[in-house]
Structure formats: structure tokens, C-alpha cells
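The values are calculated or read from the model by the stated rules, or taken from the named source; none is laboratory data. Please read these numbers as outputs of a predicted model, since none were measured by experiment. Using ideal geometry, Cβ is built from the backbone for each residue, glycine included, and neighbour counts are taken over all protein chains shown.
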Amino acid sequence: MPDLLAAAADGSPAAAAPPAVTPSDGTPALAWRAGEILRRGVPHRILAGSLHYFRVHPDQWEDRLRRLAAMGANTVDTYVAWNFHERVEGEPRFDGWRDIARFVRLAGEVGLDVFLRPSPYICAEWSNGGIPFWLSGRAAALRTSAPDFLAAVDAWYDALLPQLVPLQAAYGGPIVAIQIENEYGSFGSDDAYLAYLRDGLRARGMVEMLTTADGTTDDMIAHGSVPGAMTTFTFGTGVPLAAALRRPGEALMCSELWGGWFDHWGERHHVRSAASMGGTVRELLDEGGSVSLYMAHGGTNFGFWNGANHDGVLQPTVTSYDSDAPIGEDGTLGEKFHAVRALFAPFHPGELPPVPAQPRRQAAASAPLRPTASLLDLLATLPADAESPQPQTFEQLGAEDGLVAYEAAVTFPEGATLTIDGLHDRAVVHLDRQRLGVLTRDGDTSLALPSAGGSGRLTILVESLGRINYGPYTGEGKGIMRGVLIGRRFVHGWTHRIVPDSAPVAIVGASSDGAARVDDATRRNGASGGNGGAVGNHAEGVAVASFDVAEPLDAWLAFPGGGKGFVWLNGFLLGRYWRVGPQETLYAPAPLWRVGRNDVVVLDLDGLGSAVEIRETPSFGETEEFIGS
């Protein structure tokens, strides 16, 4: 049978058969043999791009998938984020934004295959690597054959996989490949665990081609591979090395070709040139390989879903997951899009879909921030739990992420120092209504109490900056892990207030009575005294800005003068901003806007700015050329 991807007489690749020919006879669509991937016996290339449904507003799924198809991809690659679906143990959800089956069907309707990556762990710079916090808080050993971990995985797969089995190519759907685990060779060495996952997928009806994914070292491949699954690679460069590491009979595939990179707070914005990325893609295609660009469209870490790395210190990931991808965070098509389209086009039997128009955006505008309540007054509206001797962790409290306030009555002698033992991750400390300072897990964990000594009500507001998603610290807890000391003695008698996502929006109130609430809050805070609580001087607290729009369009929001805050648009938590950068604007997708009045609520822990701005273009901060490793 002729190789449809072999070089034609003029030196160009021949066209690949379109996915639509797949029958629904129960036979898997793809297999590998003699160093190549076969589709129903015909040589085939996977030309994929990563696009995560959980990072894209569901009203924009189809648009982003069509842009991916116009780039020349024949496959969309997506992780399945377990913790996005099962935030409460035993209550997995597959509706609305979590309707993974709808996303898969849309991909098929657009003409794309689906490369599904549903392993319990996904990394992805996503909170906890996708593992639910309630599981990591109690499991004996994550990503191993530990019975408690496997029991939870079994329950999850029993809920998830029935959504996906009918959508495999064997039954007429678009799913053609399934990844068992993700970069396991850089984490562990439990062969039985990988085999268990493989067998669990098969036993539950997943019949399509199985894969693993690991970096390009002998050790990673040895510990990340499992019989019955094709080994694939993750890299930014290094095609010859990957080709040499292929196992006998396996096809060459890079399941994550890093064409860009993610950002941490306090670093520069990472970019990779189109020429650099395109050169590696071309090299891989010339070697006969298949590819998935990571990311083709990065999307956004909305809410508190960003992850963090740990390399000596905590490195929390920013809200944006633009990743300098070919398809930008708001759908903008950049130079890389056109470079990849030119590289992929020869592998299609006909013309590619036309290039979509660039997204429309709202015009630049500015609205003043109206202070509504101080930080401490916001906390006072929240219920406190029963007193416990020691401070509880987020996991013990059932707090997934975000903010928890720890409160205790204290007395202290002259010259005393307060220390948080095991702070994860950042704490704003108040004594009564006086702000004492900020403590961080990798910086100062102690501060001086008022020099004369005294007593008062201690409030420590702890923020989780992002759950670690990669390496040995994955699954680490949040909050105050051990205790709080004054001098050498522990402070006992703690109550806790979990700050729900909705709390700042609730205190602002409905738009019809927002002004009255502002006035009441301002009078209350002014009467209370103390520079830690006042909002009239734009200190820490809650504020609202309003915009009237004629048409819901994409926008970029900026917060000049703001310190470190969280932002809600019409009640939806967009994410965080932080003056340390690099990210300076937050993406506010069109489906979140409405005709008429739109409210932007801000909770700033370090100092409110005076306005919110709509900008027509994003600013991701100062850049540096970077190729992931």
C-alpha cells in the first residue's frame, strides 16, 4: 500500500486521508507498526494542537476549534482535569463548562480528531496537576499503586469514561488516541501503577490507541513507558534524540512540542520566535514524525485554577496561559499561526479552511473604582467555625483554594515577635484593625508585634498562590501547616473564616443598591479608625467599577496602581493581578459581558488603585526568549 505521507515526486509530502472515512465497526482507528502510525492500515500523521476546554469559555469552544482547524491541525489534544469536574468528592459534574462530551463532539463536527489525555495527573500548570485537593490531602502516595489513591481513580474513571466511550472513532466519534499518564518517568517508578491505569482504561471500553508521554532521557522513558502503549515525547528541541530513543516498532511522535512557555509571577513573559518553533516542527515532520503543539491555544487560568512550580522556592503561575501560542489568549492569530499553517498545509488533500477574522474588542475606556468595604469588614461578614487549639490547614477546613482568615485572641510581651511555622503561601497580618505586614513562605515568616506589648485580636489572612502541579511537592497542602508562635510559645484557640469566591461580589451587592452599600461601608470604616481598615485612602479592601457597553466583546482589563488583587466581572472570577508582574492585563471574554451596565469587583490585599481600564491590546510584561526544558 502506498505511503500517503511519503515524499511526492516534487519533494513535497503527499496528502493524508481525511478523518471522516472512519467507520463505526468497533475497530480502533489508529495503530502503530514498523515505525509509523496507521489509520485503518494507511500511514497517517497526527498533526495536533493542545487546546484545553477548561481554559476556554464554553461559548468560545467552537470558535477556537475552528481556528485550530484553519491552522492545519487534523487533531485537537486536550487534558481532562479531574479536579475541575469533581470539586466535591463523590459529586463529579459533566454539565455546562464541564461538559467534556460536548467539547469532543464539537471537535468532530469541526472535522478534528481528538487526542484525549485523561490521566489522573495532567501537570499542565493547572492547580495540583489536576488531582482533587480532597484526595491529595489524605492519600498515602499520589500517582502510585497505593490502594486509597487507586480507589479514588477507579471511582473517577467509572464516572468519566462512560461519557467518552461512545465518542471513540471505533463507534463513529472523533477520539482516536488516549494517554495513560503524563510524564510519569520524571516522577516515579511504580510499573504496576501504569499497568493498572492501562488495564482500567481497556476494561471500561477505551479501545483506541494508547500512549504515554515523557521527556527525552533514557531514565524517563524507562520509567514512564508501559507495554501496550506507544511512547511519545515532550520537548522544545531535540528531534534527533527523540528519534534515537524510540522503542522498536514505535512511530515518532512529540505529544508536546513547546512552541512557547508559561509564566510565573515575578518573572519575565516567556516567548519563542516563530522561526525557532517552526524550525523544530519542520525538523520533526521531515523525520516522519507526528506532532502536537503545546500550546496551540493556551487560554486562561480563570479563578484560582493556576498551578505552581517549586524549584527551591514556590513559583506560582500567572492567570494568563497565553503561552505565546499560535492562537492567542483571545483568539488572535499571530505569526506562529501562519507559520504552522504553511507547514501543515501540504499534509492535507485539499485547501485548508479559510483563515478566520481577528477577534473584535471593546474600545478603550476607564472607570473609577468606588471603595465598598475594608478587608476586615469583608471578613467580618463571613461565618467563623468552632474554635480549635491549632490553626487548621485548607484541606482540614475543606477549602479548595483562595483565602482563609485565621483569628485568635493574643497577649504578648514587650519586644515580642510573631512567627508562622509552615506558611503556605502568603499571609496578611492584622492586630485588631492595624495592618502589621505581609509574610511569605519563602521570605519573611516573622514580624515584630507592637513594641510596648499588649493584647488584641489577631487576624491572619492566608492566600494559596497556586497548588504545585509538577515534581515531588505535587499535592502539598495549603494554609498554616504547623502553627503560630509568639516568641517560643504557640498561640492556641483559633477560629477560621473561609472566603468564598462570591464574598466580595456579595458585599458590593446588586447594582441597584451598590451605591448605598458603598456609603454604609465608608461610614462604618471611617468610624472604626485605624489605618488597616479605612478604604477612603484606597487601602486594602473591596471596590467596584462599572462600564456601560453597547455590545458584548472581548476586552483586556488593567488595574493601574493596584497592589495584589482578585477580579470579578459580573460575578465571574477572572483571576488575579499582582504588581510584581509580568502580566499587566486580564482577559475578559465576550460571553461574560452584557449590553448595558457591567460591574467589575476588585478585592485588593495590598492597596486598591483608583480605576479599572479597558485596553484594546494585552500586556503580558517584559519579554525574554525562552525554550522550555
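For this structure, a couple of remarks:
- The set of residues from the range 205-232 being more than 28 Å from the chain's Cα centre (by Cα) and within 23 Å of T78 (Cβ to Cβ) comprises G205, V207, G228.
- Hits in the range 93-102 (condition: in a loop (DSSP other than H, G, I, E, B) and either touching a Pro at 6+ places or on another chain (Cβ under 8 Å) or buried (at least 18 other Cβ atoms within 10 Å of the Cβ) (or both)): D99
- Residue in the range 281-289 that is surrounded by 24 or more Cβ atoms within 10 Å (Cβ to Cβ) and touching an Asp or Glu at 6+ places or on another chain (Cβ under 8 Å) present: no
- Of the residues V110, V114, the single one that is in contact with a Lys or Arg (Cβ under 7 Å, 6 or more places away or on another chain), crowded, with 17+ Cβ neighbours inside 10 Å and modelled with pLDDT of 95 or more is V110.
- Candidates A339, A325, A363 - the one that is of a type in the set (A, V, I, L, M, F, W, C) and out of contact with any helix residue (DSSP H, G or I) (no Cβ under 8 Å at 6 or more places or on another chain): A363
Residue by residue, here is whether (1) over 23 Å from D401 (Cβ atoms); (2) surrounded by fewer than 21 Cβ atoms within 10 Å (Cβ to Cβ); (3) at pLDDT 95 or above holds:
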| position | (1), (2), (3) |
| --- | --- |
| V535 | yes, no, no |
| V549 | yes, yes, yes |
| P552 | yes, yes, yes |
| A555 | yes, no, yes |
| W568 | no, no, yes |
| G571 | no, yes, yes |
| Y587 | no, no, yes |
| V595 | yes, yes, yes |
| V602 | no, no, yes |
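- Check on G90, in a helix (DSSP H, G or I) and among the small types (G, A, S): no
- For the range 442-459, filtering for residues that are touching a residue at least 60 places away in the same chain (Cβ under 8 Å) and crowded, with 17+ Cβ neighbours inside 10 Å leaves 1.
- Every residue from the range 502-519 that is within 31 Å of the chain's Cα centre (by Cα) and either at pLDDT below 95 or β-branched (V, I, T) (or both): V505, I507, V508, G509, A510, S511
- Out of S455, S451, one residue alone is part of a loop (DSSP other than H, G, I, E, B) and either farther than 25 Å from H264 by Cβ or not aromatic (F, W, Y) (or both). It is S451.
- Test set (1) farther than 22 Å from L375 by Cα; (2) crowded, with 21+ Cβ neighbours inside 10 Å - V428 fails condition number: (1)
- Selection status of T231, surrounded by fewer than 23 Cβ atoms within 10 Å (Cβ to Cβ) and hydroxyl-bearing (S, T, Y): no
- The set of residues from the range 402-423 being outside any strand (DSSP E or B) and either modelled with pLDDT under 95 or in contact with a strand residue (DSSP E or B) (Cβ under 7 Å, 6 or more places away or on another chain) (or both) comprises G402, A416.
- Among (1) surrounded by 23 or more Cβ atoms within 10 Å (Cβ to Cβ); (2) within 29 Å of F626 (Cβ to Cβ) - the single one T217 does not satisfy: (1)
- Residue pairs whose Cβ atoms lie under 8 Å apart, sitting 6 or more positions apart in sequence or on different chains, and linking a residue in the range 464-477 that is in contact (Cβ under 8 Å) with a residue 60 or more places away in the chain to a partner that is in a loop (DSSP other than H, G, I, E, B) and polar (S, T, N, Q), are I468/T474.
- Scanning the range 233-262 for residues that are assigned to a strand (DSSP E or B), closer than 28 Å to V318 by Cα and either over 22 Å from the mean Cα position of the chain (by Cα) or among the aromatic types (F, W, Y) (or both) turns up F233, F235, W258.
- Elements of type helices (runs of 4 or more DSSP H) contained in the range 266-385, each with 1 or more residues being farther than 30 Å from D425 by Cβ, in contact (Cβ under 8 Å) with a residue 60 or more places away in the chain and more than 26 Å from the chain's Cα centre (by Cα): 274-286, 335-344
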